[in-house]
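Visitor: My structure is below; once you've seen it, I'll send some questions.
The values are calculated or read from the model by the stated rules, or taken from the named source; none is laboratory data. Source: prediction; values computed, not measured. Here Cβ is always computed from backbone atoms with ideal geometry, including for glycine, and neighbour counts include all displayed protein chains. SASA here: full protein model, heavy atoms, side chains in, ligands and nucleic acids out. Shrake-Rupley method; radii C 1.70, N 1.55, O 1.52, S 1.80 Å.
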Amino acid sequence: MPREYCGIIVAAGGCVNAVIYNGLRTIQHRGQESAGIAVFSDRLAVKRGSGLVHDAVSAEDLAGLAGNVGIGHVRYSTLGGQAKECQQPMTVRAKFGDMALAHNGEIVNSQELRESLMAGGWGFVTDSDSEVILRLLSVKMASARDVVGGISQTMKELVGSYSLALMVGPRTFAIRDPLAIRPLCIGRIDGTYCAASESVVFDTLGGEFERDVRPGEIIELTEKGFVSHHLPDDGKRAHCMFEWIYFARPDSYVEGRLVYDVRRKVGMRLAAEAPAEADFVVPIPDSGRAHAIGYSETSGIPYAEGLIKNRYVQRTFIMPHQADRESNIRLKLNPLKPVIEGKRIILVDDSIVRGTTMRQIVGMVRRSGAKEVHLRIGCPPIVSPCFLGIDIKNREEFVTHNRDIEAIRRFLGADTLAYASLDTLVESIGRGPGELCLGCLTGKYPVPVAGKVESR
Ligand code: SF4
(Lines give C-alpha, C1' and ligand atoms only; values in the text may rest on other atoms or scores of the structure.)
Protein backbone atom coordinates (compact mmCIF):
# COMPACT_ATOMS: atom_id res chain seq x y z
CA MET A 1 0.00 0.00 0.00
CA PRO A 2 1.26 3.45 -0.77
CA ARG A 3 1.79 5.63 2.25
CA GLU A 4 1.49 9.27 1.56
CA TYR A 5 2.45 12.53 3.07
CA CYS A 6 1.51 15.46 0.91
CA GLY A 7 0.51 19.08 0.47
CA ILE A 8 -2.60 20.44 -1.21
CA ILE A 9 -3.97 23.72 -2.54
CA VAL A 10 -7.42 24.80 -3.74
CA ALA A 11 -8.10 28.13 -5.46
CA ALA A 12 -11.07 29.95 -6.95
CA GLY A 13 -11.47 33.38 -8.54
CA GLY A 14 -9.31 35.03 -11.19
CA CYS A 15 -6.82 33.01 -13.20
CA VAL A 16 -5.66 30.51 -10.58
CA ASN A 17 -2.78 28.70 -12.24
CA ALA A 18 0.04 30.94 -10.97
CA VAL A 19 -1.36 31.01 -7.41
CA ILE A 20 -1.53 27.21 -7.35
CA TYR A 21 1.90 26.80 -8.90
CA ASN A 22 3.62 29.24 -6.54
CA GLY A 23 1.64 27.94 -3.58
CA LEU A 24 2.82 24.41 -4.30
CA ARG A 25 6.41 25.63 -4.46
CA THR A 26 5.92 27.21 -1.02
CA ILE A 27 4.90 23.84 0.44
CA GLN A 28 7.36 21.81 -1.61
CA HIS A 29 8.85 20.46 1.66
CA ARG A 30 5.66 18.38 2.07
CA GLY A 31 6.45 16.19 -0.94
CA GLN A 32 9.09 16.05 -3.60
CA GLU A 33 8.35 12.99 -5.67
CA SER A 34 5.54 14.29 -7.82
CA ALA A 35 3.37 17.33 -8.29
CA GLY A 36 0.30 18.24 -10.29
CA ILE A 37 -2.24 20.94 -11.05
CA ALA A 38 -5.82 20.59 -12.31
CA VAL A 39 -7.93 23.56 -13.40
CA PHE A 40 -11.38 24.04 -14.86
CA SER A 41 -12.43 26.65 -17.41
CA ASP A 42 -14.89 25.11 -19.85
CA ARG A 43 -13.36 21.69 -19.29
CA LEU A 44 -10.95 19.97 -16.92
CA ALA A 45 -7.24 20.33 -17.72
CA VAL A 46 -4.58 18.55 -15.69
CA LYS A 47 -0.81 18.24 -15.65
CA ARG A 48 1.05 15.87 -13.34
CA GLY A 49 4.64 14.75 -13.31
CA SER A 50 7.54 13.38 -11.28
CA GLY A 51 9.88 15.49 -9.22
CA LEU A 52 9.64 19.01 -7.85
CA VAL A 53 6.85 21.36 -8.90
CA HIS A 54 8.99 23.05 -11.56
CA ASP A 55 10.05 19.67 -12.96
CA ALA A 56 6.47 18.39 -13.08
CA VAL A 57 4.85 21.51 -14.53
CA SER A 58 6.81 23.60 -17.06
CA ALA A 59 6.10 27.25 -17.88
CA GLU A 60 4.54 26.02 -21.12
CA ASP A 61 2.32 23.55 -19.24
CA LEU A 62 1.25 26.32 -16.90
CA ALA A 63 0.23 28.58 -19.76
CA GLY A 64 -2.08 25.79 -20.94
CA LEU A 65 -3.65 25.49 -17.47
CA ALA A 66 -5.83 28.59 -17.57
CA GLY A 67 -8.90 28.33 -15.36
CA ASN A 68 -10.91 30.16 -12.71
CA VAL A 69 -10.89 27.26 -10.26
CA GLY A 70 -8.22 24.68 -9.62
CA ILE A 71 -6.41 22.39 -7.24
CA GLY A 72 -2.80 21.31 -6.76
CA HIS A 73 -0.81 18.62 -5.03
CA VAL A 74 2.75 17.80 -4.02
CA ARG A 75 3.37 14.23 -3.09
CA TYR A 76 5.70 12.02 -1.16
CA SER A 77 5.27 8.28 -1.42
CA THR A 78 7.12 5.17 -0.30
CA LEU A 79 7.88 2.00 -2.22
CA GLY A 80 4.94 0.73 -4.24
CA GLY A 81 3.32 4.12 -4.46
CA GLN A 82 5.52 5.74 -7.07
CA ALA A 83 3.56 4.65 -10.15
CA LYS A 84 2.59 7.47 -12.51
CA GLU A 85 -1.07 6.58 -11.96
CA CYS A 86 -0.67 7.48 -8.26
CA GLN A 87 0.34 11.05 -9.07
CA GLN A 88 -2.28 13.61 -8.14
CA PRO A 89 -4.65 15.31 -8.74
CA MET A 90 -6.42 12.08 -9.69
CA THR A 91 -9.28 12.50 -12.13
CA VAL A 92 -12.43 10.62 -13.06
CA ARG A 93 -15.50 11.28 -15.23
CA ALA A 94 -18.65 11.17 -13.10
CA LYS A 95 -22.34 12.07 -13.09
CA PHE A 96 -21.81 15.67 -11.96
CA GLY A 97 -18.92 16.29 -14.32
CA ASP A 98 -15.22 15.67 -14.42
CA MET A 99 -13.79 15.32 -10.94
CA ALA A 100 -10.25 15.94 -9.70
CA LEU A 101 -8.98 15.08 -6.23
CA ALA A 102 -5.84 15.86 -4.23
CA HIS A 103 -5.49 14.14 -0.87
CA ASN A 104 -3.24 14.57 2.15
CA GLY A 105 -3.67 11.82 4.73
CA GLU A 106 -4.40 8.14 4.96
CA ILE A 107 -7.67 6.22 5.08
CA VAL A 108 -7.56 3.47 7.68
CA ASN A 109 -10.53 1.53 6.28
CA SER A 110 -9.60 1.95 2.59
CA GLN A 111 -9.26 -1.79 2.01
CA GLU A 112 -12.81 -2.50 3.25
CA LEU A 113 -14.18 0.39 1.19
CA ARG A 114 -12.26 -0.80 -1.87
CA GLU A 115 -13.63 -4.33 -1.51
CA SER A 116 -17.16 -3.07 -1.14
CA LEU A 117 -16.81 -0.84 -4.23
CA MET A 118 -15.32 -3.74 -6.17
CA ALA A 119 -18.23 -5.94 -5.12
CA GLY A 120 -20.45 -3.25 -6.68
CA GLY A 121 -18.58 -3.54 -9.98
CA TRP A 122 -15.96 -0.79 -9.68
CA GLY A 123 -12.46 -1.36 -10.97
CA PHE A 124 -9.35 0.43 -9.74
CA VAL A 125 -6.26 1.67 -11.53
CA THR A 126 -4.03 2.05 -8.44
CA ASP A 127 -3.77 0.67 -4.92
CA SER A 128 -3.95 4.22 -3.53
CA ASP A 129 -6.48 5.12 -0.86
CA SER A 130 -6.98 8.43 -2.67
CA GLU A 131 -8.51 6.55 -5.59
CA VAL A 132 -10.90 4.85 -3.15
CA ILE A 133 -12.03 8.30 -1.95
CA LEU A 134 -12.53 9.50 -5.53
CA ARG A 135 -14.63 6.47 -6.56
CA LEU A 136 -16.64 6.63 -3.34
CA LEU A 137 -17.34 10.33 -3.90
CA SER A 138 -18.67 9.69 -7.39
CA VAL A 139 -20.90 6.82 -6.16
CA LYS A 140 -22.25 8.83 -3.22
CA MET A 141 -22.87 11.98 -5.27
CA ALA A 142 -24.82 9.93 -7.80
CA SER A 143 -26.93 8.28 -5.09
CA ALA A 144 -27.48 11.55 -3.17
CA ARG A 145 -28.15 13.37 -6.47
CA ASP A 146 -26.24 16.23 -4.96
CA VAL A 147 -22.57 17.15 -4.79
CA VAL A 148 -22.39 18.36 -1.17
CA GLY A 149 -24.74 15.60 0.01
CA GLY A 150 -22.47 13.06 -1.68
CA ILE A 151 -19.39 14.54 -0.01
CA SER A 152 -21.10 14.37 3.41
CA GLN A 153 -22.10 10.74 2.86
CA THR A 154 -18.57 9.87 1.77
CA MET A 155 -17.13 11.49 4.91
CA LYS A 156 -19.39 9.38 7.08
CA GLU A 157 -17.78 6.25 5.62
CA LEU A 158 -14.14 7.32 5.67
CA VAL A 159 -12.10 6.49 8.76
CA GLY A 160 -8.71 8.13 8.98
CA SER A 161 -7.03 11.38 8.11
CA TYR A 162 -7.86 13.44 5.08
CA SER A 163 -7.51 16.99 3.95
CA LEU A 164 -8.93 17.11 0.44
CA ALA A 165 -8.87 19.48 -2.51
CA LEU A 166 -11.77 18.52 -4.75
CA MET A 167 -13.09 19.82 -8.06
CA VAL A 168 -16.41 18.69 -9.46
CA GLY A 169 -16.90 20.32 -12.84
CA PRO A 170 -16.60 24.07 -12.15
CA ARG A 171 -17.17 23.71 -8.38
CA THR A 172 -14.27 23.39 -6.00
CA PHE A 173 -14.02 22.33 -2.34
CA ALA A 174 -11.63 22.13 0.62
CA ILE A 175 -12.54 19.32 3.03
CA ARG A 176 -11.06 18.31 6.39
CA ASP A 177 -11.66 15.09 8.31
CA PRO A 178 -13.83 15.21 11.46
CA LEU A 179 -10.79 15.03 13.77
CA ALA A 180 -8.79 17.59 11.76
CA ILE A 181 -5.75 15.34 11.85
CA ARG A 182 -3.95 16.84 8.85
CA PRO A 183 -3.72 20.63 8.52
CA LEU A 184 -5.78 22.79 6.16
CA CYS A 185 -6.45 26.52 6.27
CA ILE A 186 -8.11 29.18 4.16
CA GLY A 187 -7.14 32.65 3.07
CA ARG A 188 -7.20 35.12 0.22
CA ILE A 189 -4.56 36.17 -2.28
CA ASP A 190 -5.73 39.32 -4.10
CA GLY A 191 -9.02 38.27 -5.69
CA THR A 192 -8.40 34.54 -5.33
CA TYR A 193 -9.88 32.51 -2.46
CA CYS A 194 -7.62 29.66 -1.42
CA ALA A 195 -7.21 26.72 0.90
CA ALA A 196 -3.76 25.28 1.56
CA SER A 197 -2.02 22.77 3.79
CA GLU A 198 0.00 25.53 5.44
CA SER A 199 -0.60 29.20 6.22
CA VAL A 200 2.84 30.13 4.88
CA VAL A 201 1.33 30.03 1.38
CA PHE A 202 -0.69 33.17 2.15
CA ASP A 203 2.32 35.00 3.65
CA THR A 204 4.60 34.12 0.80
CA LEU A 205 2.18 35.10 -1.94
CA GLY A 206 1.22 38.39 -0.28
CA GLY A 207 -2.22 37.21 0.81
CA GLU A 208 -4.20 37.10 4.04
CA PHE A 209 -4.61 34.03 6.21
CA GLU A 210 -8.23 33.77 7.32
CA ARG A 211 -8.58 30.68 9.53
CA ASP A 212 -8.07 26.94 9.82
CA VAL A 213 -10.67 24.72 8.18
CA ARG A 214 -12.75 23.28 11.04
CA PRO A 215 -13.02 19.58 11.86
CA GLY A 216 -15.42 17.91 9.43
CA GLU A 217 -15.93 21.10 7.44
CA ILE A 218 -16.69 21.17 3.72
CA ILE A 219 -15.82 24.57 2.28
CA GLU A 220 -16.86 25.51 -1.21
CA LEU A 221 -14.62 28.16 -2.73
CA THR A 222 -16.08 30.50 -5.31
CA GLU A 223 -14.93 33.73 -6.89
CA LYS A 224 -17.03 35.52 -4.25
CA GLY A 225 -15.65 33.78 -1.16
CA PHE A 226 -16.15 30.74 1.07
CA VAL A 227 -19.36 28.82 1.69
CA SER A 228 -19.16 26.46 4.66
CA HIS A 229 -21.09 23.19 5.01
CA HIS A 230 -20.61 21.23 8.21
CA LEU A 231 -20.72 17.70 9.43
CA PRO A 232 -21.96 17.74 13.03
CA ASP A 233 -18.99 18.75 15.22
CA ASP A 234 -18.75 16.56 18.32
CA GLY A 235 -15.92 18.71 19.67
CA LYS A 236 -13.27 16.03 19.18
CA ARG A 237 -9.93 16.90 17.64
CA ALA A 238 -6.74 14.94 17.02
CA HIS A 239 -4.26 17.23 15.31
CA CYS A 240 -1.04 15.40 14.37
CA MET A 241 1.65 16.57 16.79
CA PHE A 242 4.30 15.88 14.13
CA GLU A 243 3.15 18.90 12.12
CA TRP A 244 4.51 21.20 14.84
CA ILE A 245 7.56 19.13 15.57
CA TYR A 246 8.85 18.28 12.11
CA PHE A 247 6.68 18.59 9.02
CA ALA A 248 5.26 22.09 8.82
CA ARG A 249 7.49 25.02 8.02
CA PRO A 250 8.54 27.02 11.11
CA ASP A 251 6.87 30.10 9.63
CA SER A 252 3.47 28.38 9.36
CA TYR A 253 0.69 28.70 11.91
CA VAL A 254 -1.00 25.36 12.67
CA GLU A 255 -4.22 25.68 14.67
CA GLY A 256 -3.21 29.16 15.76
CA ARG A 257 0.26 28.17 16.99
CA LEU A 258 3.34 29.43 15.17
CA VAL A 259 5.42 26.33 14.49
CA TYR A 260 8.68 28.16 15.26
CA ASP A 261 7.38 29.20 18.71
CA VAL A 262 6.31 25.65 19.57
CA ARG A 263 9.72 24.23 18.64
CA ARG A 264 11.58 26.95 20.54
CA LYS A 265 9.44 26.35 23.62
CA VAL A 266 10.13 22.62 23.47
CA GLY A 267 13.86 23.43 23.36
CA MET A 268 13.56 25.77 26.36
CA ARG A 269 11.78 23.15 28.44
CA LEU A 270 14.16 20.45 27.30
CA ALA A 271 17.10 22.50 28.57
CA ALA A 272 15.46 22.60 32.02
CA GLU A 273 14.49 18.91 31.91
CA ALA A 274 17.78 17.57 30.57
CA PRO A 275 20.68 19.97 31.19
CA ALA A 276 24.23 19.24 30.06
CA GLU A 277 27.53 21.04 30.51
CA ALA A 278 28.86 22.04 27.13
CA ASP A 279 30.55 24.74 25.05
CA PHE A 280 28.01 25.02 22.24
CA VAL A 281 24.44 24.12 21.38
CA VAL A 282 24.47 22.99 17.73
CA PRO A 283 21.28 22.35 15.73
CA ILE A 284 20.88 19.66 13.16
CA PRO A 285 19.82 21.90 10.29
CA ASP A 286 17.13 22.76 9.53
CA SER A 287 14.81 20.59 11.58
CA GLY A 288 16.51 21.12 14.97
CA ARG A 289 17.23 24.84 14.65
CA ALA A 290 14.31 26.35 16.57
CA HIS A 291 14.57 23.69 19.31
CA ALA A 292 18.31 24.45 19.62
CA ILE A 293 17.69 28.20 19.88
CA GLY A 294 15.27 27.54 22.75
CA TYR A 295 17.73 25.17 24.44
CA SER A 296 20.51 27.75 24.17
CA GLU A 297 18.31 30.58 25.53
CA THR A 298 17.36 28.67 28.67
CA SER A 299 20.70 26.99 29.31
CA GLY A 300 22.80 30.09 28.57
CA ILE A 301 25.12 27.91 26.47
CA PRO A 302 26.04 29.69 23.21
CA TYR A 303 24.29 28.61 20.03
CA ALA A 304 26.54 27.80 17.06
CA GLU A 305 26.04 26.53 13.53
CA GLY A 306 28.38 23.55 13.60
CA LEU A 307 26.86 21.62 10.70
CA ILE A 308 26.52 23.24 7.31
CA LYS A 309 23.76 22.05 5.09
CA ASN A 310 23.95 21.59 1.35
CA ARG A 311 20.57 23.01 0.36
CA TYR A 312 20.51 21.37 -3.03
CA VAL A 313 20.09 17.82 -1.75
CA GLN A 314 16.64 16.45 -0.97
CA ARG A 315 15.37 16.19 2.58
CA THR A 316 16.63 12.93 4.06
CA PHE A 317 13.41 11.65 5.59
CA ILE A 318 11.63 12.15 2.29
CA MET A 319 13.93 9.72 0.45
CA PRO A 320 11.99 6.47 0.04
CA HIS A 321 14.91 4.03 -0.16
CA GLN A 322 17.10 3.36 2.88
CA ALA A 323 20.27 3.14 0.78
CA ASP A 324 19.53 6.57 -0.71
CA ARG A 325 19.06 7.98 2.76
CA GLU A 326 22.41 6.74 3.98
CA SER A 327 24.50 7.97 1.07
CA ASN A 328 22.56 11.20 1.03
CA ILE A 329 23.47 12.37 4.52
CA ARG A 330 27.14 12.63 3.57
CA LEU A 331 26.20 14.95 0.72
CA LYS A 332 23.83 16.90 2.88
CA LEU A 333 25.75 17.94 6.01
CA ASN A 334 29.32 19.03 6.54
CA PRO A 335 30.71 19.67 10.04
CA LEU A 336 32.34 23.05 10.66
CA LYS A 337 35.56 21.82 12.23
CA PRO A 338 36.68 25.09 13.87
CA VAL A 339 33.39 25.19 15.83
CA ILE A 340 33.46 21.55 16.85
CA GLU A 341 37.11 20.60 17.38
CA GLY A 342 38.02 20.16 21.04
CA LYS A 343 34.54 21.29 22.17
CA ARG A 344 31.71 19.77 24.19
CA ILE A 345 28.72 19.87 21.86
CA ILE A 346 24.99 19.59 22.55
CA LEU A 347 23.45 18.39 19.30
CA VAL A 348 19.72 19.15 19.04
CA ASP A 349 17.21 17.66 16.62
CA ASP A 350 13.43 17.48 16.39
CA SER A 351 12.93 13.71 16.52
CA ILE A 352 14.52 10.34 15.83
CA VAL A 353 12.75 7.63 13.85
CA ARG A 354 15.23 5.04 12.59
CA GLY A 355 18.35 6.54 14.11
CA THR A 356 20.56 5.67 11.15
CA THR A 357 20.97 9.28 10.06
CA MET A 358 21.54 10.49 13.61
CA ARG A 359 24.19 7.82 14.17
CA GLN A 360 26.09 9.05 11.11
CA ILE A 361 25.82 12.66 12.22
CA VAL A 362 27.11 11.88 15.71
CA GLY A 363 29.98 9.95 14.07
CA MET A 364 30.77 12.91 11.80
CA VAL A 365 30.82 15.33 14.72
CA ARG A 366 33.12 13.05 16.67
CA ARG A 367 35.48 12.62 13.71
CA SER A 368 35.63 16.42 13.52
CA GLY A 369 37.20 16.43 16.97
CA ALA A 370 34.28 17.01 19.38
CA LYS A 371 35.34 16.24 22.95
CA GLU A 372 31.80 15.25 23.98
CA VAL A 373 28.52 14.87 22.10
CA HIS A 374 25.28 15.29 24.06
CA LEU A 375 22.12 14.56 22.12
CA ARG A 376 18.84 16.33 22.91
CA ILE A 377 15.66 15.45 21.03
CA GLY A 378 12.58 17.68 20.83
CA CYS A 379 10.01 14.87 20.79
CA PRO A 380 9.47 11.82 23.00
CA PRO A 381 10.60 8.42 21.62
CA ILE A 382 8.60 7.16 18.63
CA VAL A 383 7.46 3.68 19.58
CA SER A 384 4.42 2.94 17.38
CA PRO A 385 3.70 3.16 13.67
CA CYS A 386 1.60 5.89 12.13
CA PHE A 387 -1.51 4.75 10.25
CA LEU A 388 -2.67 8.28 9.55
CA GLY A 389 -0.50 9.51 6.74
CA ILE A 390 3.09 9.72 7.92
CA ASP A 391 5.73 7.33 6.68
CA ILE A 392 6.74 5.86 10.01
CA LYS A 393 5.38 2.40 9.49
CA ASN A 394 7.63 -0.40 10.50
CA ARG A 395 8.14 -0.71 14.24
CA GLU A 396 11.12 -3.02 13.74
CA GLU A 397 12.98 -0.23 11.95
CA PHE A 398 12.55 2.22 14.83
CA VAL A 399 15.62 2.94 16.91
CA THR A 400 13.41 2.28 19.94
CA HIS A 401 12.68 -1.30 18.84
CA ASN A 402 14.09 -3.59 21.55
CA ARG A 403 16.24 -0.77 22.96
CA ASP A 404 15.90 1.31 26.10
CA ILE A 405 17.28 4.86 26.25
CA GLU A 406 20.72 3.69 27.33
CA ALA A 407 20.90 1.18 24.47
CA ILE A 408 19.78 3.90 22.02
CA ARG A 409 22.51 6.21 23.35
CA ARG A 410 25.11 3.51 22.76
CA PHE A 411 23.76 2.77 19.27
CA LEU A 412 23.92 6.47 18.35
CA GLY A 413 27.37 6.90 19.90
CA ALA A 414 26.46 9.91 22.08
CA ASP A 415 27.84 10.67 25.55
CA THR A 416 24.36 11.46 26.84
CA LEU A 417 20.90 11.29 25.30
CA ALA A 418 17.62 12.85 26.42
CA TYR A 419 14.23 13.21 24.77
CA ALA A 420 11.62 15.89 25.52
CA SER A 421 8.88 14.54 27.78
CA LEU A 422 5.29 14.11 26.62
CA ASP A 423 4.23 16.94 28.98
CA THR A 424 6.80 19.26 27.44
CA LEU A 425 5.59 18.43 23.96
CA VAL A 426 1.89 18.86 24.73
CA GLU A 427 2.31 21.99 26.82
CA SER A 428 4.57 23.61 24.22
CA ILE A 429 1.99 22.97 21.49
CA GLY A 430 -0.55 24.51 23.82
CA ARG A 431 -3.44 22.17 23.06
CA GLY A 432 -4.76 19.64 25.57
CA PRO A 433 -3.62 16.02 25.10
CA GLY A 434 -7.24 15.22 24.15
CA GLU A 435 -6.91 17.51 21.12
CA LEU A 436 -3.78 15.91 19.69
CA CYS A 437 -2.93 12.68 17.96
CA LEU A 438 -0.01 11.20 19.89
CA GLY A 439 -0.42 7.70 18.48
CA CYS A 440 3.19 7.11 17.43
CA LEU A 441 4.36 8.13 20.92
CA THR A 442 1.77 6.30 23.01
CA GLY A 443 0.29 3.54 20.81
CA LYS A 444 -3.15 5.08 21.44
CA TYR A 445 -4.77 6.33 18.24
CA PRO A 446 -7.74 8.65 17.75
CA VAL A 447 -9.44 6.24 15.33
CA PRO A 448 -9.69 2.43 15.46
CA VAL A 449 -6.64 0.89 13.82
CA ALA A 450 -7.27 -2.73 14.81
CA GLY A 451 -6.36 -5.06 11.96
CA LYS A 452 -4.01 -2.57 10.32
CA VAL A 453 -0.91 -4.40 9.18
CA GLU A 454 2.43 -2.71 9.66
CA SER A 455 4.39 -2.53 6.44
CA ARG A 456 7.60 -4.55 6.22
S1 SF4 B 1 0.47 8.63 14.77
FE2 SF4 B 1 2.04 10.24 15.07
S3 SF4 B 1 2.65 10.89 13.02
FE4 SF4 B 1 0.72 9.73 12.82
S5 SF4 B 1 -0.89 11.27 12.86
FE6 SF4 B 1 -0.62 10.56 14.95
S7 SF4 B 1 0.92 11.96 15.85
FE8 SF4 B 1 0.96 12.23 13.63
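Visitor: On a 0 to 90° scale, report how tilted helix 356-367 is relative to the longest principal axis of the chain, with both axes built from alpha carbons and the result rounded to the nearest 10.
Guide: 30
Visitor: Work out from phi, with θ = phi - 60° and the Karplus expression 6.51 cos²θ - 1.76 cosθ + 1.60, the ³J(HN,Hα) of each residue of the stretch 340-349, listed in order in whole Hz, and give x for Gly and Pro.
Guide: Couplings: 8, 4, x, 10, 8, 10, 9, 8, 10, 9 Hz.
Visitor: With label points built 7 Å along Cα→Cβ from the Cα atoms of residue 236 and residue 311, find their separation and express it in nm.
Guide: A separation of 4.3 nm, rounded to one decimal place.
Visitor: If you plug each phi of the stretch 263-279 into the Karplus form 6.51 cos²θ - 1.76 cosθ + 1.60 with θ = phi - 60°, what whole-Hz ³J(HN,Hα) values come out, in order, with x for Gly and Pro?
Guide: Each residue's phi maps through the Karplus curve to give 5, 5, 5, 4, x, 5, 5, 5, 4, 6, 6, 9, x, 8, 8, 7, 8 Hz.
Visitor: Leaving ligands, DNA and RNA out of it, rank 367, 135 by accessible area with a 1.4 Å probe, largest first.
Guide: The most accessible residue leads, giving 367, 135.
Visitor: For residue 419, list long-range residues whose amide hydrogen, built 1.01 Å from N in the peptide plane, is under 5 Å from its own amide hydrogen.
Guide: Long-range HN contacts for residue 419: 377.
Visitor: Please list the three semi-axes, largest first and in whole Å, of the ellipsoid equivalent to the stretch 11-135, using sqrt of 5 times the eigenvalues of its alpha carbon gyration tensor.
Guide: 25, 18, 11
Visitor: What do you get for the angle between helix 322-332 and the principal long axis of the chain? Use alpha-carbon atoms, 0 to 90 degrees, nearest ten.
Guide: Tilt relative to the chain: about 60 degrees.
Visitor: Extending each Cα 7 Å along its Cβ direction at residue 211 and residue 122, get the distance between those two points in nm, one decimal.
Guide: The modelled label-to-label distance comes out at 3.2 nm.
Visitor: Something else about it: What is the chain's relative contact order, in percent, from Cα pairs under 8 angstrom and six or more apart in sequence?
Guide: 13
Visitor: Tell me, what is the percent relative contact order of the stretch 4-236, built from C-alpha pairs under 8 Å that lie six or more residues apart?
Guide: 21
Visitor: Using the Karplus equation 6.51 cos²θ - 1.76 cosθ + 1.60 (θ = phi - 60°), what ³J(HN,Hα) coupling, rounded to whole Hz, does each residue of the stretch 20-34 give in order, writing x for Gly and Pro?
Guide: Rounded to whole hertz, the list is 5, 4, 5, x, 5, 5, 5, 10, 4, 4, 7, x, 10, 9, 7.
Visitor: Per the helix-only calculation at 222 nm, which mean residue ellipticity applies to the chain, given -39500 (n - 2.57) for every DSSP H run of n ≥ 4 and division by its residues, nearest 500 deg cm²/dmol? Show your work: numbers first, answer last.
Guide: Details: 15 runs with 134 residues, N = 456.
Here the helix-only value at 222 nm equals -8500 deg cm²/dmol.
Visitor: Which of the pairs 84/444; 47/332; 265/337; 156/444 have their Cα atoms more than 26 Å apart in this structure?
Guide: With Cα atoms farther than 26 Å apart: 84/444; 47/332; 265/337.
Visitor: While we're on this one: First compute the accessible area of the chain with a 1.4 Å probe, then give the percent of it belonging to carbon and sulfur atoms. Let's see the in-between values first.
Guide: On the way: 8660 of 17200 Å².
Carbon and sulfur atoms account for 50 percent of the accessible area of the chain.
Visitor: What's the FRET efficiency of residue 394 with residue 222 using the Cβ-Cβ distance as r and R₀ = 35 Å, to the nearest 0.05?
Guide: Computed FRET efficiency for residue 394 and residue 222: 0.20.
Visitor: Please calculate how many Å² of accessible area the stretch 259-430 carries per residue, with a 1.4 Å probe and no DNA, RNA or ligand atoms counted.
Guide: Values: 6820 Å² over 172 residues.
It amounts to 40 Å² per residue over the stretch 259-430.
Visitor: With every protein chain in place, what's the accessible area of residue 86 (1.4 Å probe, Å², nearest 10)?
Guide: Accessible area, nearest 10 Å²: 0 Å².
Visitor: Between residue 229 and residue 96, what FRET efficiency comes out of the Förster formula 1/(1 + (r/R0)^6) with R0 = 22 Å and r the beta carbon distance, rounded to 0.05?
Guide: Here the calculated transfer efficiency is 0.90.
Visitor: Can you classify the stretch 137-185 as rounded, prolate or oblate using the Cα gyration tensor, where a ≥ b ≥ c are the square roots of its eigenvalues, rounded means a/c under 1.5, and otherwise it's prolate if a/b beats b/c and oblate if not? Numbers along the way, then the final one.
Guide: Details: a/c = 2.88, a/b = 1.40, b/c = 2.06.
Since a/c reaches 1.5 but b/c is at least a/b, the shape of the stretch 137-185 is classed as oblate.
Visitor: Taking the stretch 262-297, which GluC sites (Glu not before Pro) meet the DSSP loop condition and have no more than 12 other C-beta atoms within 10 Å?
Guide: Here the GluC sites (Glu not before Pro) that fit, given the DSSP loop and packing criteria, are 277.
Visitor: Here's a follow-up. If R₀ is 35 angstrom, what is the calculated FRET efficiency for the pair residue 54 and residue 410, using the beta carbon separation as r and rounding to 0.05? Let's see the in-between values first.
Guide: Details: r = 44 Å, r/R0 = 1.25.
Calculated transfer efficiency: 0.20.
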